[in-house]
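A short write-up of the structure that comes next.
The values are calculated or read from the model by the stated rules, or taken from the named source; none is laboratory data. This is a predicted model, so every value here is computed, not measured. Cβ placement follows ideal geometry from the backbone for every residue including glycine, while neighbour counts extend to all protein chains displayed.
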Amino acid sequence: MPLLGHENVRHATLLFCAEGVNVRTTGAEKGLEMELKAIFSEIKDNFKADERLTGFKKVLSMFVNLWKSGITGRVTLIASSAVALLLLVLTFRGCGSDSTKVMAAAEIKVDKPSVESVQSAARAPTNIGAEHSLVKREENSVRVQIQEIFALAKASAEEDFNINFCGFFAGMSRYDAQDLAAYYKLKDDEYSVEAAPGKAVSKLWFSLKGVRRITRGGSTVDELAQIVANRVGDMKRDLESGEYVHRTIDGVVVTMGRKGLSIQNGSVASKKPIVTKMNAQKEANAPLKVIQGIIENMVMIPGKNFMMGKFEVTQAQWQMVMGWNPSEFKGEDNPVECVAWVDCKEFLENLNALSEVRASGLRFRLPREEEWEYACRAGATGDYCRLVDGTEITKNTLSEVAWCKDNSDTTHPVGQKKPNAFGLYDMHGNVWEWCEDCYKANDPLFRVHRGGSWDSDAGCCTASNRGYNMSDYRHSNGYGFRLAASQDK
């Protein structure tokens, strides 16, 4: 099947795998793409995903025989260690009837996979769709980074019997997981990563939409579960919950249900993460950077002997200290929410135990009610705060400083509105802020929160309004907190 008459072609990338045939050309006509697909359909039955080097040579031989007239150039064969795909890259110098045969044999560069690698590939298959997407990426550094993550995932699966779902696995660095999520173009509400500071990822979660985006298929939970099972192994359905579950011998649990897909392995929670070279420095520096940010953003309140955080505690800060993110409205710079008063106290205990915090001489805590209101007002005598220029916010101008019911249907990144006269942001709205105090004296069951949230009307966002709930209540996407601090004596 000669390709005479296609003089404009300069480059063609063809991917043939168990999931189908893909063709990508540069400067090509639609007719050429149809010819390429037709060629691959002829050799389709001669290629199987579990064949090794002999299978690749057979396919290449057939390919060269079909193309032996009409091409001058070279053919390169690339095979993954998992033997999951065949990638043929052809570079043309022009096409014509007097062209010579393709000399492909000298161009073959294939690392023969071992039996062990084939077995591990069957145990933890990679995402062929993701491999194909790599061909399309133009940013070389991103491509190298993602390739390194896939290689890391394969190695982890081979050595530790760990689950490798399209490159994600428990035990990886949270920054590699975030980079892979960005590569798949996952949105903040489509995935979450749980990892303690400087520790390996212990849990990964993907919404149904996120799973569809990664796998590029499936519409129902059952269909998605089948796709996931093809990659991680057999999944048994729990008749009571309706969830599909897969467990490995080393304790990894994969669960697929209406709430999405989770990969969990608590045994790695105390271990250092497996990181790529490109993210090693980021992993090493991240905890220090976050802690420095917390310390540097503390503001000494004029006329008082305590400090308040310039911003509400963010999800990135909570994630760094606690290793998980409970928030419904995902975003590193958004305030953490869905946290109870008791959760905040645990955060403070962990934060104060860090060596960087101990060295700073600060002792972080929740603000007392009178401290919170004084810091919120910043000298105002009305219902809301005073600004740097001396004007006081009113109900009609509340949107200048607050995300509330009138202008929002979600939380927002901290610090986007105007600060008050003390330099504090979001004291009104965004999330309610837990305080140290009991709502009623000597009743520790109920604790106070102040300031209103994204879903509060103007009356709930005043400086004097007191909200409250049970100290262990965490089922609200409007409950967060702000740090106060005193010098540690």
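Values for this structure:
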{"item": "Number of the exception - Asp443 against (1) modelled with pLDDT of 95 or more; (2) under 19 Å from Cys344 (Cβ atoms)", "result": "(1)"}
{"item": "Single match in Val431, Val401 (criterion: surrounded by 24 or more Cβ atoms within 10 Å (Cβ to Cβ) and modelled with pLDDT of 95 or more)", "result": "Val431"}
{"item": "Filter result for the condition that a residue is surrounded by fewer than 19 Cβ atoms within 10 Å (Cβ to Cβ), aliphatic (A, V, I, L, M) and out of contact with any Gly (no Cβ under 6 Å at 6 or more places or on another chain), over Ala316, Ala378", "result": "Ala316"}
{"item": "Candidates Glu349, Glu373, Glu356, filtered to the one that is surrounded by 14 or more Cβ atoms within 10 Å (Cβ to Cβ) and out of contact with any helix residue (DSSP H, G or I) (no Cβ under 9 Å at 6 or more places or on another chain)", "result": "Glu373"}
{"item": "Any hit, segment 172-186, residues being modelled with pLDDT under 90, closer than 20 Å to Gly260 by Cβ, in contact with a strand residue (DSSP E or B) (Cβ under 6 Å, 6 or more places away or on another chain) and not in a helix (DSSP H, G or I)", "result": "no"}
{"item": "Where a residue in segment 162-177 is closer than 12 Å to Val275 by Cα and its partner, wherever it lies, is small (Gly, Ala, Ser) and part of a loop (DSSP other than H, G, I, E, B), with Cβ under 6 Å and at least six apart", "result": "Gly171/Ala200; Arg174/Ala195"}
{"item": "Hey, Gly242 more than 18 Å from the chain's Cα centre (by Cα) and without any contact (Cβ under 8 Å) to a residue 24 or more places away in the chain or not", "result": "yes"}
{"item": "Residue list for segment 296-307, restricted to those being under 18 Å from Asn334 (Cα atoms) and of a type in the set (A, V, I, L, M)", "result": "Met298"}
{"item": "Residue match in segment 301-315 (condition: on the phi > 0 side of the Ramachandran plot, outside the structural domain of Pro197 (by TED's automatic domain parsing) and free of Cβ contacts under 8 Å to residues at least 24 places away in the same chain)", "result": "yes"}
{"item": "The one condition in (1) aliphatic (A, V, I, L, M); (2) within 34 Å of the chain's Cα centre (by Cα); (3) at positive phi that Ala402 fails to fulfil", "result": "(3)"}
